[in-house]
Amino acid sequence: MKKLFVAMLISVSLVGLALTQVDINAQSGITGKTVSLSSEVISTNENVDAKRAKELYSAGQPLVFNSNGKLYYVLNAAGNIDAKNLVRNAGKQVTIEGNVKTSNGVSYIIATSYK
Amino acid sequence: MKNILLVLLLSGLLLACGGNEDKDEPEKSLSEQVEDAANDVAEGAEEAANDVAEGVEEAANDVAEGAENAADKVKEKVGDATTGFTKGGWTGKVVKLTDAITGNYEALNASRVKELVMAGQYVGFLSDGQFYMVYNAAGNYDWKNLARVAGQESVNIQGKVKKVGGMSIILATDIAS
């Protein structure tokens, strides 16, 4: 009984530690670039500069953020897609500071700043 | 194998040397009897070898056929390995991406979908708690067909699904309510 209790205590501690780690990671910045989701879907890996990003945005084509091959939707503090900042920072490597979260299979960043 | 052949040879010899009831036939010399027995053994061995070869061939064919069937099943389940897409059908509803995150779903219609998309907001498809961006077969964002069925509680999409950079994407061939 004592051993079981100790084992449970250790398990709970490890889970707590892991969750703390996830939270720390979620709050750090991620570096990458603006990409066209359509281009990623058809694997053309189009290089999207600010001009092209604006064209895509105007045509209602989704822009997302690619960090080491993982794609994120980027939201602003108001909870809307932050398309304007994705356009503004397109064509260069940027670090987005904010919170990375996942909900209903959607990975997204609530951006607080772009560097 | 050598031992088996030896035993068969000796058995053949013993049988050959056993009493012969037919008195009319002339008695064979020992060398002839040995030769006959050796021939019998050789014939038996050849037949056995043929049987084994046929058995092995049948088993190999069965294995090949089984492997082919299994490969077909895997291909159906996993989808075309060259594209990474898996065929299927999904039932759900058209939602705004940000609503899928918050869980507060705005009632949508065709004009609202167009308004959202033109404002840089994304509209997709929610099925079984999973949000999908929907593209047409040509690889273009298919918001127009989503707008057509927006507001319907039960929308069915046929097509192929793929994970792209962790995002779930449906390449739709048919969208109907």
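Exposure proxy shown here: for A:Thr44, B:Thr86, the number of other Cβ atoms within 10 Å sets the order, fewest to most, as A:Thr44, B:Thr86. Filter the cross-link list A:Lys51/B:Lys160; A:Lys115/B:Lys160; A:Lys33/B:Lys114; A:Lys92/B:Lys160 down to pairs whose alpha-carbon distance in this structure exceeds 30 Å. Over 30 Å Cα-Cα: A:Lys51/B:Lys160; A:Lys115/B:Lys160; A:Lys92/B:Lys160. What whole-number distance in Å separates the alpha-carbon centres of region B:139-161 and region A:58-115? So the two Cα centres are separated by 24 Å.
How high is the FRET efficiency from B:Ser111 to B:Ala48, r the C-beta distance, R0 51 Å, rounded to 0.05?
Numbers: r = 82 Å, r/R0 = 1.61.
Calculated transfer efficiency: 0.05.
Amide H to amide H distances under 5 Å link B:Gly166 with A:Leu71, where only residues 5 or more positions off or on other chains count and H is placed in the peptide plane.
Phi angles across region B:153-169 convert, under the Karplus curve 6.51 cos²θ - 1.76 cosθ + 1.60 with θ = phi - 60°, into 3J(HN,Hα) values of 6, 10, 10, 10, 10, 10, x, 10, 10, 8, 8, 10, x, x, 8, 8, 10 Hz, Gly and Pro given as x. With a 10 Å cut-off around each Cβ of B:165-176, the average count of Cβ atoms from other chains is 4.
Only the coordinates and a few stated rules stand behind these numbers; no lab work does. Owing to the predicted nature of the structure, the values given are computational and were not obtained by experimental measurement. Please note: Cβ atoms are built from the backbone with ideal geometry, for glycine as well, and neighbour counts cover all protein chains shown.
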